[in-house]
Amino acid sequence: MAALQLRRIEEDAAKLSSGDDMPSEQDSPSNRRGAAREPARDLCEIVTQGSAYATPCLAHNISATGALLETGMSGIPDRFILVNHTRKTRTLCSVRWRCGRMSGVLFVRPPRFFN
């Protein structure tokens with residue numbers, strides 16, 4: 001399954017670099033995701049290496065493979081740990097896209113639960 005997800009990421013990156021901006025029905029976001037997203041209003045924090053502070057954020061939707069995050073600022077790092085206080089999980093994330101304060105992230109590793 002991880003190999004399939006990696007191949008999809010590589011295919012998406014190739015499409016972006018080729019300038020193919022016109023998504024087809026086959027390429028719609030719901031078809032490219034590894035898992036269906038469910039609505040959420042989860043309180044989270046973005047933790048980065050070397051920073052003394054965490055950045056608060058809100059997860060608008062979430063799945064086993066990624067999430068839609070909103071922060072109070074733009075410019076979150078490309079990779080970070082997402083601490084989800086609602087679900088009590090920590091997850092290594094990679095940003096897939098950004099638009100202002102909204103970001104779509106891919107979970108690099110499955111979420112780990114904490115108490």
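Things worth noting here:
- Going by accessible surface with a 1.4 Å probe and the largest first, 109, 37, 90 read 109, 90, 37.
- Largest to smallest accessible area among 82, 43 [probe 1.4 Å]: 43, 82
- Within the accessible surface of region 51-100, defined with a 1.4 Å probe on protein heavy atoms only, the carbon and sulfur portion equals 56 percent.
The values are calculated or read from the model by the stated rules, or taken from the named source; none is laboratory data. On a predicted model such as this, the values are computed, not experimentally measured, just so you know. Keep in mind that these areas ignore ligands, DNA and RNA; they rest on the heavy atoms of the full protein, side chains included. Shrake-Rupley method; radii C 1.70, N 1.55, O 1.52, S 1.80 Å.
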